[in-house]
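Taking it in order: structure first as structure tokens, then the write-up.
The values are calculated or read from the model by the stated rules, or taken from the named source; none is laboratory data. Given the structure is predicted, the values throughout are model-derived calculations rather than measurements. Backbone-built Cβ (ideal geometry, glycine too); neighbour counts: all protein chains shown. In case anyone asks, the SASA skips ligands and DNA or RNA and just uses the protein heavy atoms, side chains included. Shrake-Rupley method; radii C 1.70, N 1.55, O 1.52, S 1.80 Å.
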Amino acid sequence: MSYRSTIARQPQQLASSLAAIEAELEKLDLAPLREGVLGITGIGASYEAAVVTAGELQRRGRRATAWHAVDLMEPGNPVDAIVALSSGGRSVEPVTALRKHAGVFSIAVTSEGDNPLAEAARISICFQSGADATPSSTGYTGTLLATGMLSDALCGKSTDWRQLTKLAGQVLAESAAKMERAGAIFRQRRAIDCVGAVSALGTAGEAGLLIREAARIPAGATNTLHYLHGPMEPMDSTTGVLIFGDGRELKLAQDMAEIGCAVLLVTTNTEIADKDNLTVVRVPAFENRIARALLDILPAQLLAAELSDAAGLTDTKFRYRQTDTKINKA
């Protein structure tokens, strides 16, 4: 399964996952998740999805925080319930976190369901994202769809997820049309920053992870306003920045382009345009931050694929696989 092929089939896969998640939610008792403080946790890409999810729950008035799974591996009482994310369900850290907090109500969000995380949780949602590649594409967007629909179920206001699955195909097509331009200005950059605020910080984190995994270029995420207080200092004509947002992010994108950075801006804004080393990808507006994040990550996935191809790393496997990060099948 190639990385580009899994990116391309996400609209169809999301539609399939939507039906699976609807069926899962119908049979679950979510009452223990409706009050108190929710801890959304994961590791790697799943942690970035947790950041996105916590931001949307906060927007809706819920007390929710994103936790690195490693920070829940020690006993304590930080939250009233845990939402644990892991597409494969075999990452050691979130499984350990649930086991260390066995007295706390928990729900696992995984792709296939028959795994250690689902076994460690009180209840689980299986979103059936199908086969994935390296880096993850369908696993990440499937996780977001599941947490988005779970958030709707908890907060009582529905989002048109069917419309979103259709829009995903549109965003992929429009992003693909910009990738030759974006790829040309981002090639051979020594480092790439990824910037966004609130839920978009999770999107930025996932974008940085994709770039590191697919193209082996140093990349990392920073909150938009925090970025202005020093982290942007190393940036110049040898670096790039991937920016998500519609507020202060617009001026930041223009300023970074002026100093010579390669810039890809993912935004709903219709006024800012491509210029020199600034490339703009427009996405549809969604009040729901998880829905917006699901669309925002699509151009980042394509950019990572473009940079991977340019580096001669198309579908290359990880160099540094570890033996102690996953729970093996019995």
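Can you give me the solvent accessible area of V79 with a 1.4 Å probe, rounded to the nearest 10 Å²? V79 exposes around 10 Å² with every protein chain in place. Once you sort the root eigenvalues of the Cα gyration tensor of the range 1-65 as a ≥ b ≥ c, which label holds: rounded (a/c under 1.5), prolate (a/b larger than b/c) or oblate (the other case)? The shape class here is oblate. Please work out the FRET efficiency for the pair T238 and S158, using the Cβ-Cβ distance as r and a Förster radius of 30 Å; give the result to the nearest 0.05. Efficiency computed from Cβ-Cβ geometry: 0.05.
Listed cross-link partners K275/K317; K166/K329; K178/K275; K166/K317; K27/K100 are compared with a 24 Å cut-off, the Cα-Cα value being larger for K275/K317; K166/K329; K166/K317; K27/K100. The charge dipole of the range 1-160, taken about its Cα centre with unit charges on the Cβ of Lys, Arg, Asp and Glu (plus for the first two, minus for the last two), comes to roughly 220 debye.
Between N269 and I123, the FRET efficiency estimated from the beta carbon spacing at R0 = 30 angstrom works out to 0.15. The computed semi-axes √(5λ) of the Cα gyration tensor in Å for the structure shown corresponds, within (i) 31, 20, 19; (ii) 45, 19, 15; (iii) 35, 22, 17, to (i). Listed values for the range 253-269 are Karplus-derived 3J(HN,Hα) couplings in whole Hz (6.51 cos²θ - 1.76 cosθ + 1.60, θ = phi - 60°), namely 4, 5, 5, 5, 5, 5, 8, x, 5, 6, 10, 10, 9, 10, 8, 8, 4, and x replaces Gly and Pro.
For D80, the solvent-accessible surface with a 1.4 Å probe is about 90 Å², rounded to the nearest 10. Shown for the range 200-330: the carbon plus sulfur share of the solvent-accessible area, taken with all protein chains present and a 1.4 angstrom probe, equals 50%. Overall shape: rounded for the range 21-111, with the ratio a/c of the largest to smallest alpha carbon gyration tensor axis below 1.5. When you filter the trypsin sites (Lys or Arg not before Pro) in the range 2-90 for DSSP loop state and at most 12 other Cβ atoms inside 10 Å of their Cβ, you are left with K27. Residues whose amide H lies under 5 Å from that of G42, counting only those 5 or more places away or on a different chain, are W67, A69, L85; hydrogens are built 1.01 Å from N in the peptide plane. In the chain, the calculated helix contribution to ellipticity at 222 nm averages -14500 deg cm²/dmol per residue, counting -39,500 (n - 2.57) for every DSSP H run with n ≥ 4.
Determine the shape class of the range 88-216: with a ≥ b ≥ c the square roots of the Cα gyration tensor eigenvalues, call it rounded for a/c under 1.5, and otherwise prolate if a/b is greater than b/c, oblate otherwise. Prolate, because a/c is 1.5 or more and a/b exceeds b/c. When Y320, Y3 are compared by accessible area of protein heavy atoms, the largest-first order is Y320, Y3, using a 1.4 Å probe. Once the Kirkwood radius over Cα pairs is known for the range 67-118, the Stokes-Einstein relation at 4 °C and 1.567 mPa s delivers a diffusion coefficient of 120 µm²/s. For the chain, the longest principal axis of the Cα atoms and the long axis of helix 10-26 meet at an angle of about 20 degrees. When you count the other C-beta atoms within 10 angstrom of each residue and take the mean per peptide, 92-100, 230-238, 296-304 line up highest first as 296-304, 92-100, 230-238.
When only the Cβ of Lys, Arg, Asp and Glu is charged (+1, +1, -1, -1), the dipole of the chain relative to its Cα centre reaches about 320 debye.
What angle do you read, to the nearest 10 degrees and between 0 and 90, between the alpha-carbon axis of helix 138-155 and the longest principal axis of the chain? Helix 138-155 sits at roughly 60 degrees to that axis. In the assembled protein chains, K251 presents an accessible area of approximately 110 Å² (probe radius 1.4 Å).
Simple point charges give the picture: +1 on the Cβ of Lys and Arg, -1 on the Cβ of Asp and Glu, and for the range 83-179 a dipole about the Cα centre of about 180 debye. Mean separation of Cα pairs under 8 Å and 6 or more residues apart, divided by the residue count, gives the range 153-257 a relative contact order of 28 percent.
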